[in-house]
1. Among the residues of the range B:63-83, is any more than 30 Å from A:Glu100 (Cβ to Cβ), out of contact with any helix residue (DSSP H, G or I) (no Cβ under 9 Å at 6 or more places or on another chain), more than 7 Å from every other protein chain (Cβ to nearest Cβ) and of a type in the set (S, T, N, Q)?
2. Please specify each residue of the range A:94-118 satisfying the condition of being assigned to a loop (DSSP other than H, G, I, E, B) and over 20 Å from B:Asp11 (Cβ atoms).
3. How many of the residues making up the range A:52-61 are open to solvent by less than 80 Å² (accessible area, probe 1.4 Å) and either within 14 Å of chain B (Cβ to nearest Cβ) or β-branched (Val, Ile, Thr) (or both)?
4. So, of the residues in the range B:24-33 that are out of contact with any Ser or Thr (no Cβ under 9 Å at 6 or more places or on another chain) and within 10 Å of chain A (Cβ to nearest Cβ), which turns out to be nearest to B:Thr45 (Cα to Cα)?
5. Just a yes or no: is a residue in the range B:86-93 without any contact (Cβ under 8 Å) to a residue 60 or more places away in the chain, more than 10 Å from chain A (Cβ to nearest Cβ) and not in a strand (DSSP E or B)?
6. Please give the number of the condition B:Glu39 fails out of (1) out of contact with any Phe, Trp or Tyr (no Cβ under 7 Å at 6 or more places or on another chain); (2) modelled with pLDDT of 95 or more; (3) farther than 28 Å from B:Gly95 by Cβ.
7. Within the range B:42-85, track down each residue that is under 12 Å from the mean Cα position of the chain (by Cα), not in a strand (DSSP E or B) and not basic (Lys, Arg).
8. Return the residues of the range B:108-126 that are of a type in the set (Phe, Trp, Tyr) and more than 7 Å from chain A (Cβ to nearest Cβ); say none if nothing qualifies.
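The values are calculated or read from the model by the stated rules, or taken from the named source; none is laboratory data. If you're wondering where the values come from, they're calculated on a predicted model, not measured in any experiment. Cβ placement follows ideal geometry from the backbone for every residue including glycine, while neighbour counts extend to all protein chains displayed. Each accessible area value is taken on the protein alone, full model and side chains, heavy atoms only, with ligands, DNA and RNA left out. Shrake-Rupley method; radii C 1.70, N 1.55, O 1.52, S 1.80 Å.
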Protein chains: 2
Amino acid sequence: MSENGETIRPDFAKGGGLVTTIAQDAQTGEVLMLAYMNEESYDETLATGRAVYFSRSRQKLWRKGEESGNVQLVKEVFIDCDRDAVLLKVEQIGGSACHEGYPSCFFRKVTSDGHFEIVGKRVFDPKEVYGKK
Amino acid sequence: MSENGETIRPDFAKGGGLVTTIAQDAQTGEVLMLAYMNEESYDETLATGRAVYFSRSRQKLWRKGEESGNVQLVKEVFIDCDRDAVLLKVEQIGGSACHEGYPSCFFRKVTSDGHFEIVGKRVFDPKEVYGKK
C-alpha cells in the first residue's frame, strides 16, 4: 500500500491505455457522466484544469465542451485503490454534462418493473446545440 | 430518444457482456467505487436489492460484502444516455466500500505536484478482515 505524499498516476497499461473516469459535480455531488482518459488526456486535464477525455468511438482526445461550450472545470482529482479509475470533481459550465441536454447522463431511473422514468430537467435541446451541422 | 415509461436495460453487448457500474452513497453522495456487472449480476441486483457485480479478475459473480459483510443495499438504479453505464445509489453497510478499509475506493486525492494525500478515515484494517485466510 502506497503512503501519503508519494507520487501517483493511474495505471493506464491495465486498461489497454485507458482509465475509466467519473465526473461528479463538485458542489452538489451529482454523478454527471462516465468516460475514459488516456495518458495524454489525463496530463492535459491536470495541466489545464479542464476535463479532457479520450473518445473511444472517435479514437481521439475529447476536450469536453469544445463543441457545446459546456466545459468542466476540474476542482479535485482522485485515483481509486487499484489505480484503474479516476474521479473528477468538476464545475459543469452550462449546467449540463450530457449531450442529451440533461444535467447528468444518468437521467433515467429504473423503476421496479424494469421501466424507467426521466429524472432531471433538460437544460438545452440537443437539436439546437448539435443539430446545426 | 426513448420515452418516459418504456422498458430499459443496459446494453451489455456493447461492452463485451459487461457494463461499468458506479456505486454512490445514497445519503451523502460520495462516490464509493467503480465495478462491472454482467447481465446475471444486474438481474440479481434488481431482484435482491443488493449490489452484485462481476469480478473481471476472478471471472465470476461478486456479491459485494459476501466476505466482509459490507453489503450494499440498493436504493436507486440509473442507466446512462448510451446505456453502457449504470449508477447505483446504495446504503453501504459497515461504512466502507473499499477493500483497503476506507469508505470510498477514491481515497487518494491527487495534489497539484502529482503526489497524493489520503482523504477519508479508515473504517477497518484490511489485515483484520481479509488477512485470516
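1. No, the range B:63-83 contains no residue that is more than 30 Å from A:Glu100 (Cβ to Cβ), out of contact with any helix residue (DSSP H, G or I) (no Cβ under 9 Å at 6 or more places or on another chain), more than 7 Å from every other protein chain (Cβ to nearest Cβ) and of a type in the set (S, T, N, Q).
2. Let us first name the residues in the range A:94-118 that are assigned to a loop (DSSP other than H, G, I, E, B), namely A:96-107, A:111-114.
A:Ser96, A:Gly101, A:Pro103, A:Ser112 - these are the residues of the range A:94-118 that are assigned to a loop (DSSP other than H, G, I, E, B) and over 20 Å from B:Asp11 (Cβ atoms).
3. Let us first name the residues in the range A:52-61 that are open to solvent by less than 80 Å² (accessible area, probe 1.4 Å), namely A:52-55, A:61.
Now drop any that are not either within 14 Å of chain B (Cβ to nearest Cβ) or β-branched (Val, Ile, Thr) (or both), which leaves A:52-53, A:55.
Qualifying residue count for the region: 3.
4. Taking the range B:24-33 and keeping what is out of contact with any Ser or Thr (no Cβ under 9 Å at 6 or more places or on another chain), we get B:24, B:26-28.
Next cut, within 10 Å of chain A (Cβ to nearest Cβ) only: B:24, B:28.
Numbers: B:Gln24: 15, B:Thr28: 21 Å.
The extreme case among them is B:Gln24.
5. Keep residues of the range B:86-93 that are without any contact (Cβ under 8 Å) to a residue 60 or more places away in the chain, which gives B:93.
Narrowing the set further to residues that are more than 10 Å from chain A (Cβ to nearest Cβ) leaves B:93.
Right, trim to not in a strand (DSSP E or B) and you get B:93.
Yes, because at least one residue in the range B:86-93 is without any contact (Cβ under 8 Å) to a residue 60 or more places away in the chain, more than 10 Å from chain A (Cβ to nearest Cβ) and not in a strand (DSSP E or B).
6. All conditions pass for B:Glu39, except number (1).
7. The first filter runs over the range B:42-85 and keeps only residues under 12 Å from the mean Cα position of the chain (by Cα), leaving B:42, B:45, B:50-55, B:62-65, B:70-74, B:77, B:85.
Narrowing the set further to residues that are not in a strand (DSSP E or B) leaves B:42, B:45, B:51, B:64-65, B:70-71.
Residues satisfying the conditions are B:Tyr42, B:Thr45, B:Ala51, B:Gly65, B:Asn70, B:Val71.
8. The answer is B:Phe124, and nothing else.
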